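Reading through the structure tokens given below for one structure.
Please treat every number below as a calculation from the coordinates, not as lab data. Remember, it's a predicted structure, so these values are computed and weren't measured experimentally. No Cβ is skipped: glycine too gets one built from the backbone with ideal geometry, and neighbour counts run over all protein chains shown.
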Amino acid sequence: MAILVTGAAGFIGSSLCDALLKQGTDVIGIDNFDGFYAREIKEDNLKNCFQHNNFKFYEADLTDIKALEKLFENNQICQVVHLAAKAGVRPSIEHPLDYCQTNIIGSMNILEMMRRHNINKLVFASSSSVYGNCRADIFSEDLKINEPISPYAASKSALEQFIYTYCKLFNLQAVCLRFFTVYGPRQRPDLAIHKFTRLIDEGKAIPMFGDGSSKRDYTYIDDIVSGICAAINYTQTPYEIINLGGGEPVNLRQMIAMIEKHLGKKAIIDHLPSQPGDVDKTAADIRKAQKLLGYEPHTNFEQGIQKFIAWYLTRKKVF
């Protein structure tokens, strides 16, 4: 029996596959190599996975129901870790129908395949973006999330509700993990830490939207992977929403300063107005993750930036 990981070629997906394969778990990966960033980067993410005999990979789109049917029919799958999604808050504002098609329809196809093939365990990658411009000091899972400010956030919120419905109707057991700004080796090149590191390294200006006071609860990739693995093994309740954060909100100016420090170069800053869809802050309440999953983030922000920059400097030719 194998675990199916959707979005397996991505930043989080490939990191999770590596961890599961090292544990001796049979893993099936699926990814459509979406053109949001270069295929070569995603292929590089998977190169360690293909060294394992217990890894099988399918290149397919989740909106292709026939391809999914074939995958589920030809493999013994015990559970699904659903990480695949069309990513990015700002692009979702420009192309909302694409996000609806991929994130909602594609995810519903996964739920239907699970129902038809009697696969009852799901771990789903939700997002801190569902909290919108929450005014609470810290974001706990029991806060209302009825005011998303981007189509991407709305798609994640909607899927949490669809998954709850499947749990009630079809005996599904699910954990929805709300990720808080994941960073580290293999981070997507469009995301701020990676993008800023590259531009600073190349002596180019970095765009700073707003006054630099916006805060993010950055979470190092190894901590996220440990949280996902704990959720894979969690069976106590039929449905849970759980935050996975770093517990250390950092503002934009601090983030830039930390990259400057460990890259050894000064940033040229292009000051720009705030962007639609961007939230002012994220701050994860991780007490539920600690209680139910035994989750503890072990990499602080400075350590994480050091590790990311060390990785970037060995791989920058790829980008």
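Quick rundown of the values:
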item: Charge-dipole axis of the chain as Lys and Arg at +1 and Asp and Glu at -1 on Cβ define it, positive-most pick from 213, 200, 131; result: 200
item: Candidate aspartates and glutamates for bridging to residue 86, where Cα separation is under 19 Å - those fewer than 8 sequence places away on the same chain excluded; result: 31, 34, 40, 43, 59, 61, 64, 94, 98, 160, 190, 278
item: Volume per residue of the C-alpha convex hull in segment 230-274, rounded to whole Å³; result: 142
item: Cα pair count fraction exceeding 25 Å, expressed as % - segment 165-307; result: 36
item: Nearest 10 degrees, 0 to 90: helix 11-22 Cα axis against the chain principal axis; result: 60
item: Theoretical FRET efficiency, 1/(1+(r/R0)^6), r = Cβ-Cβ of residue 142 and residue 317, R0 45 Å, to 0.05; result: 0.45
item: Estimated D of segment 264-319 in µm² per second, where Rh is the Kirkwood radius over Cα pairs and Stokes-Einstein applies at 20 °C, 1.002 mPa s; result: 138
item: Restraint check, 195/317; 47/307; 56/156; 156/195; 195/316, Cα-Cα greater than 18 Å; result: 47/307; 56/156; 156/195
item: Normalised contact order of the chain, rounded percent, pairs of Cα under 8 Å and 6 or more residues apart; result: 18
item: Within a Gaussian network of the chain (alpha carbon springs, distance under 10 Å), most fluctuating of 235, 197, 102; result: 235
item: Coordinate range along principal axes, alpha carbons of segment 97-234, Å, largest first; result: 54, 31, 30
item: Crossing angle, helix 221-232 versus the chain [Cα axis fit, 0-90 degrees, rounded to tens]; result: 20
item: Over segment 43-124, relative contact order from alpha-carbon pairs under 8 Å, at least 6 apart, %; result: 40
item: Stokes-Einstein diffusion coefficient of the chain, Kirkwood radius over Cα pairs, 4 °C, 1.567 mPa s, in µm²/s; result: 65
item: Tilt relative to the chain, helix 151-170 - C-alpha long axis, 0 to 90 degrees, to 10; result: 20
item: Average silhouette area of segment 1-124, convex hull of alpha-carbon atoms, in square nanometres; result: 7.2
item: For segment 223-316, average projected area of the Cα convex hull in nm²; result: 8.4
item: Segment 153-201-segment 210-254 distance, computed between alpha-carbon centres (Å); result: 10
item: Helical contribution to [θ] at 222 nm, DSSP H n ≥ 4, -39,500 (n - 2.57), averaged over the chain, rounded to 500; result: -12000 deg cm²/dmol
item: Cross-link reach list, aspartates and glutamates versus residue 288, counting only Cα pairs under 12 Å and skipping chain neighbours closer than eight places; result: 141, 142, 240, 296
item: Distance between segment 280-319 and segment 69-131 - C-alpha centres, whole angstrom; result: 24
item: Anchor residue 265: aspartates and glutamates whose Cα lies under 19 Å away (excluding residues fewer than 8 positions away in-chain); result: 201, 202, 302
item: Two-site FRET efficiency, residue 165 against residue 302, from Cβ-Cβ distance with R₀ of 51 Å, rounded to 0.05; result: 0.75
item: Most fluctuating residue given options 303, 187, 79, as computed from a GNM of the chain linking Cα atoms under 10 Å; result: 303
item: Antiparallel bridges, percent of DSSP beta bridges restricted to the chain (to nearest 5); result: 5
item: Rough spin-label spacing in nm, given labels placed 7 Å along Cα→Cβ, for residue 74 and residue 60; result: 0.8
